[in-house]
1. Taking H placed 1.01 Å from N in the peptide plane, check which residues at least 5 places from Ile307 or on another chain put their amide H under 5 Å from its amide H.
2. Need one value: the accessible area of Thr372 in square angstrom, 1.4 angstrom probe, rounded to the nearest 10.
3. Between Glu190 and Asp255, what is the spin-label point distance in nm, taking each point 7 Å from the Cα along the Cα→C-beta axis?
4. In whole Å, how far is the Cα centre of the range 20-85 from that of the range 392-415?
5. At 1.4 Å probe size, what's the solvent-accessible area of His24? Round to the nearest 10 Å².
6. In whole Hz and in residue order, list the ³J(HN,Hα) couplings for the range 212-226 that follow from phi through the Karplus curve 6.51 cos²θ - 1.76 cosθ + 1.60, θ = phi - 60°; x for Gly and Pro.
7. With +1 on the Cβ of every Lys and Arg and -1 on the Cβ of every Asp and Glu, and nothing else charged, how large is the dipole of the chain about its Cα centre, in debye rounded to the nearest 20?
8. Can you spot the lysines whose alpha carbon is less than 19 Å from Lys347's alpha carbon? Ignore those fewer than 8 places along the same chain.
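The values are calculated or read from the model by the stated rules, or taken from the named source; none is laboratory data. All values reported here derive from a predicted model rather than from experimental measurement. Neighbour counts are summed over all protein chains in view; Cβ atoms, including those assigned to glycine, are modelled from backbone coordinates with ideal geometry. Accessible surface is based on the protein model in full, side chains and every heavy atom, while ligands, DNA and RNA are left aside. Shrake-Rupley method; radii C 1.70, N 1.55, O 1.52, S 1.80 Å.
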Amino acid sequence: MDDELRERVEREAEKHALLNAVKHESDADVGAIMGPLMGDNPDFRQHGDEIPGIAGGVIGRVNDLSYDEKRERLEELAPEELAEIEAEDEEDEHDLPDLSNADDYDEIRMRVAPNPNGPWHVGHARMPAVIGSYKERYDGWFCVRFDDTDPETKRPDLEAYDAILEDLDYLGFEPDATYRASDRLETYYEHARELIDLGGAYTCSCSGEEFSELKNSAEPCPHRDKDEETVLEEFDAMIDGEYESGEMVLRVKTDIEHKNPALRDWVAFRMIDTPHPREEASDYRCWPMLDFQSGVDDHLLEVTHIIRGIDLQDSAKRQQFVYDYFGWDYPEVVHWGHVQIDAYDVKMSTSTISELIEQGELDGWDDPRAPTLKSLRRRGIRGDAIVEAMAGLGTSTSDVDLAMSAIYANNRDLIDEETDRRFFVRDGNQVPLGGSPPDEANPPLHPNHEERGVREIPVGASVMLEDDDLPQREERIWLKGLGCFQFTRDVLQYTGEDIDVVREGDVDVVHWVPADESVAVRMRTPDGDVRGHAEPGVAGLEPDELVQFERVGFARIDRHDEDETVVYYTHD
C-alpha cells in the first residue's frame, strides 16, 4: 500500500469512525465501521488484511476526542452526512406527529380537563403524557381544568382534586395554571346572557320525551320563538333556583333540521337539586352542560389545540354553533381512539375501582391489583416510563392497545443500573449444610458495578431454597456467592470446587437465604401476596428503596413491620 492510498484510508476511516461515534453518542468500534468503509470504497478490498490495523489507529485517536470535538470534526469532513444524522435524530426524538398549524400561533396552549370523580387510572395518563410532551416540544402552555359541573351523575370527589394533581406530578408535569369549572359559574351565566341577546338560546320547559320526539321529527320546540326578554327572565329564574330539576333548561338554537339529530337545539344549562360537594359551589342549582362550559372556557383560556376522544366528535360540532354566534375561532382539534391496557383483571374504570374499594375487594387506590397510577407509583414504577409508553402510542383515530410490558421495559431501562441485588426465596425448603463452607457469602451488590462492593450474608447451619431449586440426590448446585454443594443424605455438602464447574455447564446456580437470620417478607403483587424470606441486609433498606430480587424481579421496599417486611413487586 503506497502512502497516497494509506492517507485516503485514514481519511475515510476517520470519517466513518466519526459518523459511528456521533450517531450513537459513544466510542467508535472497528467492527462497526468496516462494512460501511469497505462498501463506500470497493478498491480498498484488495488490501483487506491491512485496513483494520490502519482503521484501528485512527479510531483510537477519534475516541480520545470529546463528543463536541467529534461533531465539530465531522462537520469539517462530512457536513452533509452530519446533517442527515441530526435530521434522523430529530425525527426519532418525537413519537408524536406535529400539531396542525402550530406555526400560526404565538404560543401553543392546551388543557387537561379531568372529571374529579377519583384518582386517575392508567388510561388517564395518556392525555397528560401527550399534552405535556407537546408543551415541552413547543415551549408551550397547558393548564389543568377540572370539569366539575355535574354534581349529580358525575359527582366530584373532594379528595380527587389533589389526588389528580399528585398523579400529574408523578408523571413529571407541572401545569401552568389550575382551574375549577365550579368556581366559574358566573362567567358561564354571563356568556349565556350574551348568547340570549344574540338570539342564540331559549328557555324550554318541554319534558325530555316531548323534546326528543320534536327533535327526531325535525320540528321546532314551541318555546323556540320566545322573545329575548322573556328568555332572560326565565334564565335568571333558573339561576335563582326557582325551578326544580327537569322543569326548565336553556337550549342553544342551532339548525332544527340538521342531518345529525344530536346537534339540534342542544341543552346548555339544566337544573340540578343535588348540592355540589364543594362548599364554594354548593348554593348553585343552575349548571352548564359540558359542551357549553368547556367551549366557553377553551376560548377564554385561549386554548389553541384540543385533544379528545373520537367518540366526542359531536362536541366540536355543538360548540361550533356557540363560536359562530360569538364570532370566535375554534381551536385545532385532534381526535384519537381509546387505549386498551392488558394485564389487569379489574376493569379500567374509576367508578368500578371505587366500588371495589368500598366493598373491600381492593385495599385502596394504590392496591397492586388496581389499574391506577397510584398503584404503579407504589410499586416503584417511574412516571417517565409511563409517559414514554403513552406518547409512543401517537394520536391515531383507531383504538390502540398498550401492553404493560412496554411500561415495564421502559422502567427497567431507568432503574436497572442503579438498583442493587438481593436474594429472596419464596417459601420453600430448609436444607442443612455439611462440610466446611465459608462463614459468610459475599455476592456483589450489582454485577456491573464492582465499586459498590459486596453484601455480607452470614451462612449459618442451614439455608432456604425454592422448591424448583432443590437438587436431586447426589446432584450438585452452586449457591450464588457461596460455593458448590452436593445434595447427599438430605444435606448440602460443601465440595470446595471452583467456579469452573458452573462454566462447564454441569452445575446450576441458585439463590438462597440463611435459614436462621433471614427476613420474613410479604411481597404484594398484581396477582396477590407472595410470602418468603430475604437475605438479612433487606431489613436495613429504607422505605421507597428499590431492590432487584435475583431471579424474581424488582421490588420497592414499602415498610418494615414488627414481624415482616412488606415490599411491592415492580416487574421482572
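1. Arg111, Val334
2. Rounded to the nearest 10, that gives 0 Å².
3. For Glu190 paired with Asp255, the spin-label model returns 3.2 nm.
4. After rounding, the separation between the Cα centres reads 35 Å.
5. 110
6. Values per residue, Gly and Pro as x: 4, 5, 5, 4, 5, 8, 6, 9, x, 5, x, 8, 5, 9, 4 Hz.
7. Details: 58 positive and 137 negative charges, 289 e Å.
So the dipole magnitude of the chain works out to roughly 1380 debye.
8. Counting by Cα, and skipping residues close in sequence, Lys347 has these lysines nearby: Lys154, Lys374.
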